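Quick notes on the structure that follows.
The values are calculated or read from the model by the stated rules, or taken from the named source; none is laboratory data. Nothing here was measured: the structure is a model prediction, and the numbers come from that model. We place every Cβ from the backbone using ideal geometry, glycine too, and count neighbours over all the protein chains shown. Protein only, heavy atoms only, side chains kept; ligands, DNA and RNA dropped before computing areas. Shrake-Rupley method; radii C 1.70, N 1.55, O 1.52, S 1.80 Å.
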Amino acid sequence: MCGIVGYAGPVPGGEADGGGLAVVLEGLRRLEYRGYDSAGVAVVADGQLLTAKRAGRLARLVEALEVAPLPATATAIGHTRWATHGAPTDANAHPHVSEDGRLAVIHNGIIENYAVLKAELQAQGVVFTSQTDTEVAAHLLGRAHAELGDLGEAVRAVCRRLEGAFTILAVSADAPGTVVGARRSSPLVVGVGDGAHYLGSDVAAFIAHTRDALELGQDQVVEITAGAAVVTTFEGEPALARPFTVDWDAAAAEKGGHPWFMDKEIHEQPRAVADTLLGRSDASGALVLDEMKIDEAVLRRADKIIVVACGTAAYAGHVAKYAVEHWCRIPVEVELAHEFRYRDPILTERTLVVAISQSGETMDVVMAVRHAREQGAKVLAVCNTQGSTIPRESDAALYTHAGPEVAVASTKAFLSQITACYLLGLYLAQLRGNMFADEVREVLRHLQAMPDAVQTVLDRAEDVRKLARELADSRSVLFLGRHVGYPVALEGALKLKELAYLHAEGFAAGELKHGPIALVEEGQPVFVIVPSPHGRDSLHAKVVSNAQEVRARGARTIVIAEDGDDAVLGSADVVLRVPRVPTLMAPLVTVVPLQVFAMEVATAKGLDVDQPRNLAKSVTVE
Ligand code: F6R
């Protein structure tokens, strides 16, 4: 939530060199998925601080800058906002400026003690011009800078007073060439360029300029200039930041000819699954997970797994539960991270907590990870983002290799999270002796065949697009599934809600008769995810009956079924075919038509697929 960019580099060379302002606007364009309620920039040029900010999308700020340009500069910061305190207005947009107009701040997160700090400042005569919590930081920093004479010292002093989770960046007319950043429980990474340094909420902010980055720790301050990035603690002690190299480039974060990032990311799914599987077995075919830094003895002893995650990532965990329990015979609980912490979960040294997060920054998951570790549990992160908080704070990390996911709605991350969790399940089964080596190898072979199966579904997507255009005016859509089809139904409904703003519900098909069937009315579209008839026969037959039950009550059934499964024909108004795959692999193919459907309904309704209303990628507040 909220995208933050900072730049300190060489003084611009000529008219064509937009300098820091151009770098920051380019970074904001790439970070806009993190929040798009408003955007703003601040630059330091010729001993002055200048700002521009606008409510609405970044495009409005860019238009405003065309009318009233800011000078090219060597020092700049920029912000794209997802509003927490105060409506998305020009006044509440960041940057916020100190009383004397010489220092500007941008901020991501929530300053929890802002009301106390604001009252204190108001008692000293400070007049506030916005409803944000951020403005207190601007005034405190302005005063601290005037008193201490050093921007880094001022940021450290103010950070020691702030409570909550925050990333802040500050620039001052009195510290040209320097940007100071600080983080507590909120993301901030440093880009190391050739004679320039960058700050960003994530590496997308500077990927066009460098792939060399530094991962900051908790409660650290970084001062960047063209030539250096100096890291300290909030107390001013020297601190180390871990260097890493980003494993994707700027082209990976472009649309590449697709109408939406989501469309591109849906089409990248075969690759995301394949890359997540790469290099996971040794010459004998045994599964190896190099990143698994948790002691084997601890993993052998584990008597319970708890998956913590939110939204789509939680549904990936829900899918994984079926496989991991089946393969490893360990009970798996799947818990929404924000609920987990508050229910006093039973955690022991034998509990393995698996935290799934694409961004690695979801605050609810960060807090769940901390809670689990405090209680003595081991935590494994399943994550897609290097340099992010969740893997850093976990005992070990298993990376998905989906590449950058820019569209707010998660797609390729979901498939790669399921893949990574399956690898984890197989690894545990191998380690604990629940499966023989040849059984593990066979499941791995099935997994390795999945990229082609997903590609087959994508090749058939035109039928889904047509159906979506036909159903775009529906008032409500229901999704039914059993077993691994149940979380797929939940995911299909979530995609439709968030992208097309349509009422959509996913149900366990068996639950239907316990209430939800009352929702079914004439013409009601109901997606039914049918398991393979080659798996457990009773499971297949029961879902087919559920489709018949809703159809008998007037529903229009859209059945997702395996090639050759003719038993569904009598209960389907529309059949969407997926290739035959083993039951546990089915979510990797059955979810794809649902993703395409939601994207196409939203497109038909003229909505912004990549940036749906009220949402933001990477939910960094609780
Ligand atoms: C839905 C979606 C969200 C995320 C959730 C967790 O399409 O994208 O539900 O899955 O906010 O995000 P991460 O995986 O970054 O922790």
(request) Kindly identify the chain as rounded, prolate or oblate by the Cα gyration tensor criterion: order the square roots of the eigenvalues as a ≥ b ≥ c, call it rounded if a/c is under 1.5, otherwise compare a/b with b/c, prolate if a/b is larger, else oblate. (result) prolate
(message) Just to check I understand the Karplus step: with θ = phi - 60° and J = 6.51 cos²θ - 1.76 cosθ + 1.60, what whole-Hz values come out for the stretch 203-216, glycine and proline as x?
(response) 5, 4, 4, 10, 4, 5, 10, 7, 10, 8, 9, 10, 9, 7
(message) Under the 0.36 nm per residue contour assumption, what length would be gained going from the current alpha-carbon distance of Thr348 and Glu374 to full extension?
(response) 8.3 nm
(request) Step through the residues of the stretch 427-435 one at a time and calculate ³J(HN,Hα) from phi using the Karplus curve (6.51 cos²θ - 1.76 cosθ + 1.60, θ = phi - 60°), rounding each to whole Hz and writing x for Gly and Pro. (result) 4, 5, 5, 5, 5, 8, x, 7, 10
(request) Note down the magnitude of the dipole of the chain about its Cα centre, charges +1 on Lys and Arg C-beta and -1 on Asp and Glu C-beta and zero elsewhere, to the nearest 20 debye. (result) 1220
(message) Run the simple label-point estimate for Gln122 and Ala251 please: 7 Å along Cα→C-beta, distance reported in nm.
(response) 5.5
(request) Tally up the carbon and sulfur contribution to the accessible surface of the stretch 455-609 as a whole percent, 1.4 Å probe, everything protein left in place. (result) 48
(message) Test of the criteria: in the stretch 182-255, which GluC sites (Glu not before Pro) are in a DSSP loop and have at most 13 other Cβ atoms within 10 angstrom of their Cβ?
(response) Glu235
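Where both residues lie in the stretch 260-448, what percent of DSSP beta bridges are antiparallel, nearest 5?
5
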(message) Just to be sure I understand the model, the point goes 7 Å from the Cα along the line to the Cβ. What's the resulting Asn113 to Leu615 distance in nm?
(response) 3.6
(request) Any chance you could check the Cα centroid distance between the stretch 210-257 and the stretch 355-400 for me, in angstrom? (result) 19
(message) Quick check on the stretch 260-448: take the gyration tensor over C-alpha atoms, sort the square-rooted eigenvalues as a ≥ b ≥ c, and tell me if it's rounded (a/c under 1.5), prolate or oblate.
(response) oblate
(request) Taking amide H positions as placed in the peptide plane 1.01 Å from N, state which residues far from Ser618 in sequence (5 or more) or on other chains have amide H under 5 Å from it. (result) none
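What whole-number value in Å² describes the accessible area per residue of the stretch 260-448 for a 1.4 Å probe?
Dividing the accessible area of the stretch 260-448 by its residue count gives 35 Å².
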(request) Would you please state which residues of the stretch 290-309 a label at Glu333 would reach in this model, taking the label point 7 Å out along Cα→Cβ and a backbone N cut-off of under 18 Å? (result) 302-309
(request) Quick one: net charge around Thr178, please, counting Lys, Arg +1 and Asp, Glu -1 for every other residue with C-beta under 13 Å from its C-beta. (result) -4
(request) Report, in whole Å, the centroid distance computed from the Cα atoms of the stretch 438-460 and the stretch 53-126. (result) 49
(request) Using amide H atoms built 1.01 Å from N in the peptide plane, name the residues 5+ places from Val354, or on other chains, whose amide H lies under 5 Å from its own. (result) Ile306, Val307, Val308, Leu380
(request) With r as the distance between the Cβ atoms of Gln131 and Phe436 and R0 = 56 Å, compute the FRET efficiency 1/(1 + (r/R0)^6) and round to 0.05. (result) 0.35
(request) Calculate one ³J(HN,Hα) per residue across the stretch 310-321 by plugging θ = phi - 60° into the Karplus curve 6.51 cos²θ - 1.76 cosθ + 1.60, and present them in order as whole Hz with x for glycine and proline. (result) 10, x, 4, 4, 5, 5, 4, x, 5, 4, 4, 3
(message) Can you give me the angle between helix 58-67 and the longest principal axis of the chain, using Cα atoms only, in degrees from 0 to 90, rounded to the nearest 10?
(response) 30
(request) Hey, can you grab everything whose amide H is under 5 Å from the amide H of Ala239? Only 5+ residues off in sequence or another chain; H modelled, so Pro and N-termini drop out. (result) Val231, Thr232, Thr233
(message) Run through the stretch 14-98 and list the GluC sites (Glu not before Pro) located in a DSSP loop whose Cβ has at most 11 other Cβ atoms within 10 Å.
(response) Glu15
(request) Mind running the shape call on the stretch 352-500? Use the C-alpha gyration tensor, a ≥ b ≥ c as the square roots of the eigenvalues: rounded below 1.5 for a/c, prolate if a/b tops b/c, oblate otherwise. (result) oblate
(message) Take the residue pairs Lys466/Lys605; Lys412/Lys497; Lys264/Lys497; Lys321/Lys412; Lys304/Lys513; Lys304/Lys412 and return only those whose Cα atoms are more than 24 Å apart.
(response) Lys304/Lys513; Lys304/Lys412
(message) Calculate the FRET efficiency for Val288 and Asp463 from the Cβ-Cβ distance with a Förster distance of 45 Å, rounded to the nearest 0.05.
(response) 0.65
